[in-house]
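Take a look at the structure set out below.
Just so you know, all these numbers are worked out from the coordinates, no wet-lab data involved. This is a predicted model, so every value here is computed, not measured. Quick reminder, even Gly has a Cβ in these numbers, built from the backbone with ideal geometry, and neighbours come from all protein chains shown.
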Amino acid sequence: MKQIMKSKQNLFLSQKRKLQEAGCEDFKESIKFIFAKAYNVPLDHVYEPQNHEDLDKNDTLFLNMVNRRAAGEPVSHIIKSRSFWKNEFYIKETVLDPRPESELIVEITKDSLFSGMKVLDLGCGSGCIGLSLYHENPEIRLFLSDMSDKALNVAKKNADNLGFTYEFFHSNLFEKIKEKFDLIVTNLPYIEKKNFLILQKEIILYEPHEALYGGMSGIDIIKLFLRDVGKRLKKNGTFVIEFGEGQHTLLRQELLKFKFSNFDFHRDLNCIPRVVCVKNNT
Ligand SMILES: C[S@@+](CC[C@H](N)C(=O)[O-])C[C@H]1O[C@@H](n2cnc3c(N)ncnc32)[C@H](O)[C@@H]1O
C-alpha cells in the first residue's frame, strides 16, 4: 500500500478505481473534482500528476473525501460547490443539488428580462435559478423565497458571494408574500409518492426530502402554487414551472382548471417536456 501511495498519480488512479468499484457511476468526474478540491489545484491541472508530488499534506483530506463519495455522498456536498449556468454555487446538505435540467428555466426567460422587472424565485433552494437570471440582467429586482430557512440561508450566502442584490421572503408558497411580480420562476418538489420510495440511495440519504417530495400525485404542491399564483402576478406577468418527466398532461389539465390558457411547454435536451411558461390571462 505504501508503495502505491508514493506517487500522486498512483494514488489518483487507485482512488478512482475505489469509486468505480463502489458503484459510483460518475467516478471519473467525481475523482477529478475531489482531487482538485483536496489539493487546491485548478480542475484542468488535475491530469498533470507530475505537478502534484509536493502536495502530500492533503492526502488524508483527499482519502477522506473519496471515502465519503464511495459511501454515496454527492460530490457537490463533499466539495461544497456546484456549477450551474455561469456561476459556481455554494451547496450543502440543506439544499437540493442544482440539476442541469433547471437551466432550461434560465434559458427560456433570460431574453425577457428588463430593467426594474420584479422577478421571484419561489422555492429558491441554493438560489441557482434566480441568481442566474440576475447574472443575465443585474437590472432586475430579484426576490428569493423558500419555506426552509436553512435553504434561504444558503441562497443568501450565494447571493452575497456573487455580490448580487436581492430581497427575500421566508414563506410557505405565497403565505407571506403580498407583492406582485412580472415573472415568477419555480422548481417546487415534484416527485410522486411511488417514485419517491424507489429513489437512488444517494438522493434519499443526502438530499432534503422537503425539496423533492411532491405528494401522492407529484404535483400536489404545484397545484397549491397554481391556486394562488394569479393573485401575485402583475397584469401581463408570466410564471414558469419545472415539473417531472411524464407530468405534462396532468399539469395541462390543472392549468386549464385554474383558467390559464396561454402557455407553452418546453422540452429538455432529451426532448422531454420539463418546463411550462404561462402568461397571466387577467
Ligand atoms: C426542488 S427544490 C429546488 C431548489 C432550487 N430552486 C433548484 O432548482 O435547485 C424545491 C425547493 O422548494 C422549497 N419548498 C418546498 N415546498 C415549499 C413551499 N410550500 N413553499 C416554499 N418553498 C417550498 C424547498 O425547501 C426547496 O428548497
Tell me which residues come under 5 Å, amide H to amide H, from LYS118 once H is placed; ignore anything under 5 positions away on its chain.
-> ARG141, ASP182, LEU183
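Could you compute how fast segment 140-234 diffuses translationally, taking Rh as the Kirkwood radius over C-alpha pairs and applying Stokes-Einstein at 10 °C with viscosity 1.306 mPa s? Give it in µm² per second.
Values: Rh = 14.8 Å.
Result for D is 107 µm²/s.
Give me the net charge for the shell around ASN158: Cβ to Cβ below 14 angstrom, other residues only, Lys and Arg +1, Asp and Glu -1. Show your work: numbers first, answer last.
Numbers: positive: LYS80, ARG82, LYS86, LYS92, LYS150, LYS156, LYS157; negative: GLU88, ASP97, ASP121, ASP146, ASP160.
Counting the neighbours of ASN158, the net charge comes to +2.
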Pairs of Cα atoms under 8 Å, at least six residues apart: use those to get the relative contact order of segment 93-279, whole percent.
-> 20
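Could you work out the local net charge near ASN236, counting Lys and Arg as +1, Asp and Glu as -1, over the other residues with Cβ closer than 12 Å to its Cβ? If you can, show how the numbers build up before the last one.
Details: positive: LYS180, LYS234, LYS235, LYS279; negative: ASP182.
Summing Lys/Arg as +1 and Asp/Glu as -1 gives +3.
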Amide N proximity, segment 208-232 versus LEU197 label position 7 Å along Cα-to-Cβ, cut-off under 16 Å = 213-218
Once phi is turned into ³J(HN,Hα) by the Karplus curve 6.51 cos²θ - 1.76 cosθ + 1.60 with θ = phi - 60°, what whole-Hz value does each residue of segment 227-242 show in order, with x for glycine and proline?
-> 4, 10, 4, x, 6, 9, 9, 6, 4, 6, x, 9, 10, 10, 10, 8
Go through segment 250-266 residue by residue and turn each phi into a ³J(HN,Hα) via Karplus (6.51, -1.76, 1.60, θ = phi - 60°); whole Hz please, and just put x for glycine and proline.
-> 4, 5, 4, 4, 5, 4, 5, 4, 8, 6, 9, 10, 9, 9, 10, 8, 10
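Ratio of segment 239-282's C-alpha Rg to 2.2 N^0.38 Å, to two decimals?
Working: Rg = 10.2 Å, N = 44, 2.2 N^0.38 = 9.3 Å.
In units of the globular-protein estimate, segment 239-282 measures up at 1.11.
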Based on the Cα coordinates of the chain, what is the per residue volume of their convex hull in Å³?
-> 132
Segment 202-241 to segment 72-110: how many Å between their Cα centroids?
-> 18
Tabulate in residue order the Karplus-calculated ³J(HN,Hα) for segment 112-125, using 6.51 cos²θ - 1.76 cosθ + 1.60 with θ = phi - 60°, rounded to whole Hz; enter x for Gly and Pro.
-> 9, 6, 9, 4, x, 4, 8, 10, 10, 9, 8, x, 6, x
With a point put 7 Å past each Cα toward its Cβ, work out how far LYS57 is from ASN236 in nm, to one decimal.
-> 6.0
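Rounded to the nearest 5, what is the percent of antiparallel bridges among the DSSP beta bridges in the chain? Intermediate values should be presented prior to the final figure.
Details: 14 of 33 bridges.
Around 40 percent antiparallel, to the nearest 5.
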